[in-house]
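Engineer: Quick one: the structure is below, questions incoming.
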Amino acid sequence: MEESTAKEKVLKRIRNALISTTEMPFPAVDAEWTLYPPTRESPDVVFAQEFTRIGGMYVYCENEKELVSSLSVILEDFPEKELFCQEKNIGEYLVKAGIPFCSSQEDLPGSKIGITGCEAMVARLGSILVSSAQTGGRRISIYPESHIVIGFSSQLVPDLQQAMAYIRRKYEPDYPSLLSFITGPSRTADIEKTLVMGAHGPRNLYLFFVDHTGS
């Protein structure tokens, strides 16, 4: 009975909060203000530096033809059942490279590598933005032990502010249920301060950066 009463109290507070509105405590705050000073290098150079600094493996492709060539070199020795891809446009590059892959959900548990696109790449942080709106949802980017991301220069943004603005323009008003910024391979040092890779996701993160300007 006490448990039910406590629950009802919480729900009552929530209902009251939804009914009454609260004024913005700091109305003068400029939400569009840029926190960081501009970088001296171009965004593509900054992203490559930051991405590799945090343990990501960066592959520059001058155009889509070079992307297909690079994929065929790196993935040619992997059997079909170890490569998982559900995004149609990304799968087309694998087909052009002659690389077999699986796309059925039943094959995901046995996959070693998940291959996806991304929503955006944040230069300042070297981070990759993915969302649940992508084909395959959120599992492909965290389940396999290695994650390969294919990103294009048109998806590169300088900072978080521009990344969120891009998502608003692309999906408003039907936003994805999940946005996730991937910053390097999964790692933790929670246990005895010993660094462990792949604790909560892929231990290897690859980014194939395709320069549209070179196409």
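The values are calculated or read from the model by the stated rules, or taken from the named source; none is laboratory data. No experiment lies behind these values; they were computed from the predicted model shown. Virtual Cβ from ideal backbone geometry, glycine too; neighbours counted across all protein chains shown.
Engineer: Taking the range 110-130 on its own, how many of its residues are out of contact with any Gly (no Cβ under 9 Å at 6 or more places or on another chain) and either of a type in the set (A, V, I, L, M, F, W, C) or in a strand (DSSP E or B) (or both)?
Structural biologist: The number of residues fulfilling the criteria is 5.
Engineer: Also: Return the total of residues in the range 135-153 being buried (at least 19 other Cβ atoms within 10 Å of the Cβ), in a loop (DSSP other than H, G, I, E, B) and at negative phi.
Structural biologist: 3
Engineer: Which one is nearest to residue 182 (Cα to Cα) among residues in the range 74-115 that are in contact with a strand residue (DSSP E or B) (Cβ under 6 Å, 6 or more places away or on another chain) and among the β-branched types (Val, Ile, Thr)?
Structural biologist: 115
Engineer: I'd like to know if the range 27-49 contains one or more residues that are surrounded by 10 or more Cβ atoms within 10 Å (Cβ to Cβ) and in contact with a Phe, Trp or Tyr (Cβ under 7 Å, 6 or more places away or on another chain).
Structural biologist: Yes, the conditions are met somewhere in the range 27-49.
Engineer: Among the residues of the range 13-42, write down those that are modelled with pLDDT of 75 or more and either within 23 Å of residue 204 (Cα to Cα) or of a type in the set (D, E, K, R) (or both).
Structural biologist: Residues satisfying the conditions are 13, 15, 23, 40, 41.
Engineer: I'm trying to understand the selection: among the residues of the range 26-73, which are among the charged types (D, E, K, R) and either more than 28 Å from residue 186 (Cβ to Cβ) or in contact (Cβ under 8 Å) with a residue 12 or more places away in the chain (or both)?
Structural biologist: Within the range 26-73, the first condition is being among the charged types (D, E, K, R), and the residues that meet it are 30, 32, 40-41, 44, 50, 53, 62, 64-66.
Residues satisfying the conditions are 30, 32, 40, 44, 50, 53, 62, 64, 65, 66.
Engineer: Within 19 Å of residue 139 (Cα to Cα) and at pLDDT 90 or above: is that true of residue 88 in this structure? Full working, then the answer.
Structural biologist: On the way: within 19 Å of residue 139 (Cα to Cα): yes; at pLDDT 90 or above: yes.
Answer is yes for this residue.
Engineer: May I ask you to list pairs of residues, at least six apart or on different chains, whose Cβ atoms are under 6 Å apart, with the first in the range 161-173 being closer than 13 Å to residue 128 by Cα and the second being among the small types (Gly, Ala, Ser) and not in a helix (DSSP H, G or I)?
Structural biologist: Correct list of pairs: 163/120.
Engineer: Follow-up. Being touching a Leu at 6+ places or on another chain (Cβ under 7 Å), without any contact (Cβ under 8 Å) to a residue 60 or more places away in the chain and either among the charged types (D, E, K, R) or surrounded by 18 or more Cβ atoms within 10 Å (Cβ to Cβ) (or both) is the filter here; which residues of the range 125-134 pass it?
Structural biologist: 129, 131
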